[in-house]
1. Restricting attention to segment 284-308, report how many residues are touching a residue at least 60 places away in the same chain (Cβ under 8 Å) and of a type in the set (A, V, I, L, M).
2. Against the condition modelled with pLDDT of 90 or more, closer than 26 Å to Gly268 by Cα and crowded, with 19+ Cβ neighbours inside 10 Å, how does Val347 come out, does it pass?
3. Going by what's in this entry, would Ile304 be described as within 19 Å of Leu43 (Cβ to Cβ), at pLDDT 90 or above, out of contact with any helix residue (DSSP H, G or I) (no Cβ under 9 Å at 6 or more places or on another chain) and surrounded by fewer than 17 Cβ atoms within 10 Å (Cβ to Cβ)?
4. Can we say Val239 is at pLDDT 60 or above, over 15 Å from Ser49 (Cα atoms) and in a loop (DSSP other than H, G, I, E, B)?
5. For residues that are in a loop (DSSP other than H, G, I, E, B), out of contact with any Ser or Thr (no Cβ under 9 Å at 6 or more places or on another chain) and at negative phi, scanning just segment 8-43, find the one that is modelled with the highest pLDDT.
6. If you take the residues in segment 374-391 that are more than 16 Å from Phe93 (Cβ to Cβ) and at pLDDT 80 or above, which one is surrounded by the fewest Cβ atoms within 10 Å (Cβ to Cβ)?
7. Could you look through segment 44-64, keep only residues that are of a type in the set (S, T, N, Q) and either touching an Asp or Glu at 6+ places or on another chain (Cβ under 9 Å) or in a helix (DSSP H, G or I) (or both), and pick out the one that is nearest to Asn283 (Cα to Cα)?
8. For a quick check of your reading of the model, give me the residue pairs whose first member lies in segment 166-183 and is not assigned by TED's automatic domain parsing to the domain that holds Thr109, whose second is among the hydrophobic types (A, V, I, L, M, F, W, C), with beta-carbon atoms closer than 8 Å and at least 6 apart or on different chains.
Amino acid sequence: MSQSFTNQYLFEQPYNGNGSSVAAGPSDRWILAAVFLLMVAGLLAVYSSIAYFATTKGTTASAMVIGHAAKLVISLFVIIFVSKIKYEVIAEFSSYVLLLSWFFLIIVTLHGTEVFGARRSLSIGGFSFQPSSMAVVALLMHVASKVSKKQDYIHDFMKTVIPLMVWIVGTAFLIALEDFSTAALLVFMCFMIMFIGRVKLSHILAFVLIGVIGGGAILAQSAERQSRVTNYVTQIKHVESSEFQLGSGYQTQQSQIAIARGGVFGVGIGKSTQRDFLPAPYNDFIFSIIVEEYGLIGVGYVLILYLVILFRGMIIIARRAKDPLAMLMAVGCTLGITMYAFVNAGVAVGLLPVTGLPMPFISFGGTSMLFSGIMVGVLLQISKRGGSAYA
């Protein structure tokens, strides 16, 4: 690939053929600052919660935190790199990446590494990789691309909704085989893109009905998933100590103990006790550790950072996007980052059933961080060409 081809078709051009500048500004500094601060908060939270996990891996907490920091640096480079790629190119290749993710999802179902009773990751060359994260980003970009191209006949069910259903249902089904919560959240985010992209609400509701039936069928095939829903309903109706002694609702109880211990100001950095009782405190329940050590003040700081990303992405960048494609891609990327965070927090406080979704840029894990970085990069690229950086 020649340099001239790359500059013209792949990367953004600061100047046109006559030497005059093209209308493009700097990236959205608010989102960039929020992501950086989340990374710092995540580094501290992982250091506080990783000790037990490190011993099971035959290493030390310091070594794993250093590895986590290295992944953060890689994620920053990914953000910078992707922010220089034209979002049109990303949309164009999203279908190919999505098909590749389907292949990986099939492989992980057959030969993936089993953790907590589910096969969600592949080990390739000593590195663990979760194809579902790749599929989530690819599908969000692809749905945004398809909806933007169908604006002239957006209300035609056969030409618009049916083709979208093939991609959404296919991806959600492959993910739901081992990760139902990710699949459910992904379908919801796709519905949001379709709704904002002017797809008729009646068509979306028909799609929702199909999703509820399919989701119910998948739930019925898994005793573990049914138990999570049952525990959640029981938790809402009444909480009995005997239930927890039998192991039912243990995760939620330990998480709520951590939150209660945190109070307003927290117990202090590195002084968490619930990290020794919570399963996956470095990932699924890292929000609980943050509340325990930093209190409501600390967790408020984290949630405000996600709200900044939500506001800048939806209200500023998406509204000022130069075309429907950019607008819908901005919506997809914003939801892809913030919805994961809010669901993770909702699980920790008991508002939602246990799901196992990570908190972007805070939870331990490289795959989620990598693809979250890609979505931030896309947001920054759109913000450059939409004039939102200084708003």
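The values are calculated or read from the model by the stated rules, or taken from the named source; none is laboratory data. Please read these numbers as outputs of a predicted model, since none were measured by experiment. Counting neighbours? That spans all protein chains shown, and the Cβs are built from the backbone with ideal geometry, glycine included.
1. Selection size over segment 284-308: 6.
2. no
3. So Ile304 does not fit the description; no.
4. When the stated conditions are applied, Val239 does not pass them.
5. Ala24
6. This residue is Arg385.
7. My answer is Ser49.
8. As it stands, the answer is none, since no pair meets every condition given.
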